[in-house]
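Okay, structure first, notes after.
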Amino acid sequence: MEKIIIFDTTLRDGEQAPGASLTSTQKLEIAYQLEKLGVDIIEAGFPIASPDDFAAVSQIAKKIKKSGVCGLARCLKPDIEAAAKAVKHAKHPRVHLFLATSKIHLQYKFRKAEEEIIAIAKNAVRTCRNLCDDIEFSPEDATRSDRDFLYRVIEAAINEGASTINIPDTVGYSYPQEIYSLISDISNHVSNIEEATIAIHCHDDLGMAVANSLSAVLAGARQVHCTINGIGERAGNASLEEIVMAIKTRQDAFRGLSTQINTKEIFRTSRLVSNLTGFVVPPNKAVVGRNAFSHESGIHQDAVLKNKTTYEIMDPKAVGVAQSMLVLGKHSGRHAFRDRLKTMGFHLDEEKLNKAFVRFKEVADRKKDIYDDDIRAIVEDQIRQVKPLWSLMNFSVASGTGEKPLAKITLKKKGKDISSQSSGDGPVDACFKAIDKVIKLNAKLEDFRLEAVTSGKDALGHASLRLKVKDQTYGGHGSSTDIIEAAVRAYLDAVNKIETK
Ligand code: KIV
Ligand code: ZN
């Protein structure tokens, strides 16, 4: 079998999705899970972008042992030095350089001539070579670049020492046949291409990111850039789970090709990324959506009971979709809780473990049976939380038919309780307005969703929302058996991110 290298950029391009920002603790938790999933390379961030980004990449580089760890850099010396320094302690460090090559970018972004671009690319790879052995080079906007110029840039980058050449469809403009010819043409026209691995990086602006990536693989690309749940800039990136499962399921088309992904970890990874970024997975999302393996029509149900393959092309167990297991109840102790977390693959420090246990007990008092998914929601609330500036002391809300809902809320900041009350269009709106009064924040609610984590009347509800303040979007999440409390917790989570920033 020939291997397709999976280059996961959830923590870099994925995190560039508006509102998806993650703390370094959350990034590390995702990195551990990506390692468990078996991705070959984790693009952990853009180290020059901010001290936080640098710290997150460098922490991931130190902790991750199996996957390679990569940092992104523009073709500028300070970027390259920061990226190389951040990944230095990784078992397999890589620096990913990018430089735009399309006419549009040259003219409007750089105001530079082609020869200058080639010189910059050469110089950057040369500089990088002294700092990191493994260099990937991306001619940004490759799919809209002049072919001959593109070949020359690639050739120059390989000559200087780049061992992977990534072809980005930066604006998601291409389509499968075009990508197939582009990759074939690069293989046929770049004289030294044999010395490098060809990679593909597709965006989903026209909904073709996965199809384009697979087409590139068929044309000879041997590394694919992708993200969990397809999150990323604008319409997102090619989704890892779809690419991996397409290659696995359609071995007739992808003959002799395989990835080293442990597909049983796909579902868990998808939920972790969704919960930490606040990007809810649509129910009809391929491979990981709630409905991806459920059969509604009677005819389908009947056939599936007779033989699953009538309407199922993948075994749900192969991607880790299993019945959520009944695991703990209100009499379960800290030991059982800790053990369960370990089995589920969470890494909590003592402080977060204690907080999660307290929350588990609160939930267990209200909910008889606690399932894996409940525990996941509780723990992810802890991982997600930034050090809260504001915490919820108590709230109450009165609402009913023909009554204007009225919420009363008490929050704590630096040891001081502050209360407020407000009416609103509904109980949730009243609570949010009461919080706004305390915090004196002028934020716009952009998105609000509620989902049941497990089934049953006492199910844990998970709220996720996005708040916009001065062009910046912040995600917030919260869970509780009381859906209004879940919403309040989610609102405070976002508020704390805004206030900490
Ligand atoms: O989409 C893009 O072009 C990128 C580059 C940095 C590779 O993300
Ligand atoms: Zn991208």
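The values are calculated or read from the model by the stated rules, or taken from the named source; none is laboratory data. These numbers were taken from a predicted model, which means no experiment stands behind them. Because the Cβ atoms are built from the backbone with ideal geometry, glycine has one as well, and the counts that use them run over all protein chains shown. Just so you know, the surface numbers come from the protein's heavy atoms only, side chains and all, with ligands and any DNA or RNA stripped out. Shrake-Rupley method; radii C 1.70, N 1.55, O 1.52, S 1.80 Å.
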Inset, instruction - Would you work out which of PHE137, SER58, CYS70 lies farthest towards the positive end of the dipole of region 2-277, given +1 charges on the beta-carbon of Lys and Arg and -1 on that of Asp and Glu, about the Cα centre? - result: SER58
Legend entry - Degrees between helix 114-129 axis and first principal axis of the chain (Cα, 0 to 90, nearest 10): 70 degrees
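By accessible area of protein heavy atoms, probe 1.4 Å, what ranking do ILE484, ILE435 get, highest first? Write out the running numbers ahead of the final one.
Details: ILE484 30, ILE435 0 Å².
Largest to smallest exposure gives the sequence ILE484, ILE435.
Name the shape class, rounded, prolate or oblate, that the alpha-carbon gyration tensor gives for region 44-121, where a ≥ b ≥ c are the square roots of its eigenvalues, rounded holds for a/c under 1.5, and otherwise prolate holds if a/b is larger than b/c and oblate otherwise. Don't skip to the answer; put the middle values down first.
Working: a/c = 3.06, a/b = 2.45, b/c = 1.25.
It is prolate, given that a/c is not under 1.5 and a/b is the larger ratio.
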Legend entry - Expected-Rg normalisation [2.2 N^0.38 Å, Cα atoms] applied to region 223-346: 1.24
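For a Förster distance of 25 Å, can you work out the FRET efficiency between the beta-carbons of ASN130 and HIS89, rounded to the nearest 0.05? It would help to have the intermediate numbers written out before the result.
Details: r = 18 Å, r/R0 = 0.70.
After rounding to 0.05, the efficiency reads 0.90.
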Inset, instruction - Just grab the label-to-label distance for SER294 and ARG449, each label 7 Å out from Cα along the Cβ direction, in nm (one decimal). - result: 1.4 nm
Inset, instruction - Calculate the spin-label point distance for ASP471 paired with GLU2, positioning each point 7 Å from the Cα along the beta-carbon direction, and give it in nanometres. - result: 4.6 nm
Inset, instruction - Treating the Cα atoms of the chain as identical point scatterers in vacuum, please give the log10 of the normalised Debye intensity I(q)/I(0) at q = 0.09, 0.11 Å⁻¹, two decimals. - result: -0.68, -0.97
Legend entry - Computed lengthening from THR249 to GLU115, 0.36 nm per intervening residue step minus Cα-Cα distance: 43.8 nm
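Round to a whole number: what % of the accessible area of the chain belongs to carbon and sulfur, probe 1.4 Å? Walk me through the intermediate numbers first.
Details: 11200 of 22430 Å².
Using a 1.4 Å probe with all protein chains present, the chain comes out at 50 percent carbon and sulfur.
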Inset, instruction - With a 1.4 Å probe and every protein chain left in place, work out the accessible area per residue of the chain in Å², rounded to a whole number. - result: 45 Å²
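About its Cα centre, how strong a charge dipole does region 1-56 have in debye, to the nearest 20, once Lys and Arg get +1 and Asp and Glu get -1 at the Cβ?
With only Lys, Arg, Asp and Glu charged at Cβ, the dipole is about 80 debye.
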Inset, instruction - For THR259, tell me the accessible area in Å² from a 1.4 Å probe, rounded to the nearest 10. - result: 30 Å²
Legend entry - Among ILE120, VAL321, GLY236 - extreme Cα towards positive end, dipole of the chain, charges at beta-carbon: VAL321
Legend entry - Simple spin-label estimate for TYR175 and ALA398 in nanometres, 7 Å along Cα-Cβ: 6.2 nm
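In whole percent, what relative contact order does region 312-415 give with Cα contacts below 8 Å and a gap of six or more residues?
Values: 78 pairs, mean separation 24.7, N = 104.
Answer for region 312-415 is 24 percent.
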Legend entry - List ARG366, ARG144, ordered by accessible area with a 1.4 Å probe, largest first: ARG366, ARG144
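Calculate, for LYS103 and GLU351, the FRET efficiency according to 1/(1 + (r/R0)^6) with r their C-beta to C-beta distance and R0 60 Å; round to the nearest 0.05.
Values: r = 54 Å, r/R0 = 0.89.
Efficiency, from the Cβ-Cβ distance: 0.65.
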Legend entry - Value in Å of the Kirkwood radius, where region 294-383 supplies the Cα pairs that are averaged: 15.2 Å
Inset, instruction - Would you calculate a helix-derived [θ] at 222 nm for the chain, using -39,500 (n - 2.57) for each DSSP H run of n ≥ 4 and dividing by the full residue count, to the nearest 500? - result: -12500 deg cm²/dmol
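For the pair ASP339 and SER187, what calculated FRET efficiency results from E = 1/(1 + (r/R0)^6), where r is the Cβ-Cβ distance and R0 = 45 Å, to the nearest 0.05? Intermediate values should be presented prior to the final figure.
Details: r = 51 Å, r/R0 = 1.14.
Efficiency, from the Cβ-Cβ distance: 0.30.
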